[in-house]
Amino acid sequence: MSEKNQTLGEFIIENQSSFKYTSGELSRLINSIRLAAKVVNHEVNKAGLVDIIGAAGDTNIQGEDQQKLDVFANNLFINAMTRRNIVCGIASEEEDDYIAINSQDENHQNKYVVLIDPLDGSSNIDVNVSVGTIFSIYRRVTPIGTPVTIDDFLQKGNQQVAAGYVVYGTSTMIVYTTGAGVNGFTLNPAIGTFYLSHPNMEFPEDGKIYSVNEGNYIHFPQGIKNYIKYCQMEEGDRPYTSRYIGSLVSDFHRNMIKGGIYMYPKSSKNSNGKLRLLYECNPMAFLAEQANGKASDGFNRIMEIQPTELHQRVPFICGSKNMVEKAEEFMRNAQ
Ligand code: AHG
Ligand code: MN
Ligand code: MN
């Protein structure tokens, strides 16, 4: 616990000046995410009580069933960031195309774009298991005051200025980075305030947890199959423990605290895996690296991949440094 019981609001103000492009704009943006997260938290918690769960009947661009809460969270985050005029563009996993904001207004000086997975792990809602929200923030590359273009969104992960997630779990937390380490804030639901509860979060260099959907084992590349067998082998501190929630945010959060590796590899059915580079992998990779961990597609650093489309998918291996490097070694050796 922080000695001062610092709130997220205070933390944002105190750290604003240490941010190199400081103008208050990024602070306002993180503030709007904080407010939206509180509302989504409230909805997630009452999902078991009211008729808000269940498929909305739509399918999103990836052809998956959308849950009602996905739509709700999507609209809420988009409204929170557009209404208060704090970003120039948003891309969401739940939207076919990016949204340009006030692009006709030549006085529009906003320089940030946001990419968001409004509700991650949405298949867990109906069964009372943790879900999350993931966000990723970039400076636009096109001139301020002009409409945003696709180039503002298709930036490499190493250009992110901030990224984070909200986990709606046994406690609700916001965990984020602006490139100076990772800090976690826990919501006190009685008064609706986030407090700094996990300063300077770091992955242990080694871990004993592996998280992967082993039901797909038969379809995995040989390198991943070999690595999974290595995790299960009796030797030294192995076999490791298997933990898979099916919600990237929650699996990542646990692994960061306890030490572990998360894998969503490509498969013979899905040549690029399942997770989206821009909404899921890049923000988690930025957090992982800022927390002394690692994120890879099996061969390359996630944050150096040049995106070519908004909804691009990529194989994803992320977590404790030594575990990710071991998995990469197995991938190389199986080539
Ligand atoms: P989303 O709910 O945003 O579609 O993401 C779900 C993702 C990720 O959070 C999770 O780890 C993975 O999909 C689970 O996929 P499988 O059910 O195929 O294991
Ligand atoms: Mn997701
Ligand atoms: Mn989602």
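The values are calculated or read from the model by the stated rules, or taken from the named source; none is laboratory data. Note that the structure is a prediction, hence the values are computed from the model and not measured. All Cβ positions, glycine included, derive from the backbone under ideal geometry; neighbour counts span all protein chains shown.
For (1) of a type in the set (S, T, N, Q); (2) assigned by TED's automatic domain parsing to the domain that holds TYR168; (3) within 26 Å of VAL182 (Cα to Cα), each residue gets a yes or a no:
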position: GLN62; (1), (2), (3): yes, yes, no
position: LYS68; (1), (2), (3): no, yes, no
position: ARG83; (1), (2), (3): no, yes, no
position: ASN102; (1), (2), (3): yes, yes, no
position: VAL113; (1), (2), (3): no, yes, yes
position: PRO118; (1), (2), (3): no, yes, yes
position: SER122; (1), (2), (3): yes, yes, yes
position: ILE144; (1), (2), (3): no, yes, no
- If we ask which residues in region 109-151 are on the phi > 0 side of the Ramachandran plot and within 11 Å of ligand 3 (Cβ to nearest atom), their number turns out to be 1
- Task: Report the residue count in region 112-134 for those that are within 14 Å of ligand 2 (Cβ to nearest atom), over 11 Å from the mean Cα position of the chain (by Cα) and polar (S, T, N, Q).
- Result: 4
- Does region 307-329 hold any residues that are away from ligand 2 (no atom under 15 Å from the Cβ) and under 17 Å from SER250 (Cα atoms), and which are they? ILE317, GLY319, SER320
- Here, strands (runs of 3 or more DSSP E) confined to region 117-203 with at least 3 residues that are away from ligand 1 (no atom under 16 Å from the Cβ) and among the hydroxyl-bearing types (Ser, Thr, Tyr) are 172-177, 193-198
- Query: Is it the case that some residue within region 207-218 is surrounded by fewer than 23 Cβ atoms within 10 Å (Cβ to Cβ) and acidic (Asp, Glu)?
  - Reply: yes
- Where residues in region 68-93 are within 20 Å of ASP152 (Cα to Cα) and touching a residue at least 60 places away in the same chain (Cβ under 8 Å), which of them is nearest to ligand 3 (Cβ to nearest atom)? GLU93
- Message: Any residue in region 222-248 that is of a type in the set (S, T, N, Q) sitting within a Cβ distance under 8 Å of a residue that is in a helix (DSSP H, G or I)? List the pairs, counting only those 6 or more apart or interchain.
- Response: ASN226/PHE330; ASN226/ASN333; SER242/GLU214; SER242/CYS231; SER247/ASN124
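Residues that are more than 16 Å from ligand 2 (Cβ to nearest atom), more than 30 Å from GLY179 (Cβ to Cβ) and not polar (S, T, N, Q): which helices (runs of 4 or more DSSP H) entirely in region 218-306 hold 1 or more of them? Please lay out each step first, then the result.
Details: elements: 222-232, 248-258, 282-290.
Per the criteria, 222-232.
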- Message: Just to be sure before I move on: is TYR230 surrounded by 14 or more Cβ atoms within 10 Å (Cβ to Cβ) and farther than 20 Å from LEU119 by Cα in the structure I sent?
- Response: yes
- Could you check, for region 31-42, whether at least one of its residues is at pLDDT 70 or above and within 13 Å of ligand 3 (Cβ to nearest atom)? yes
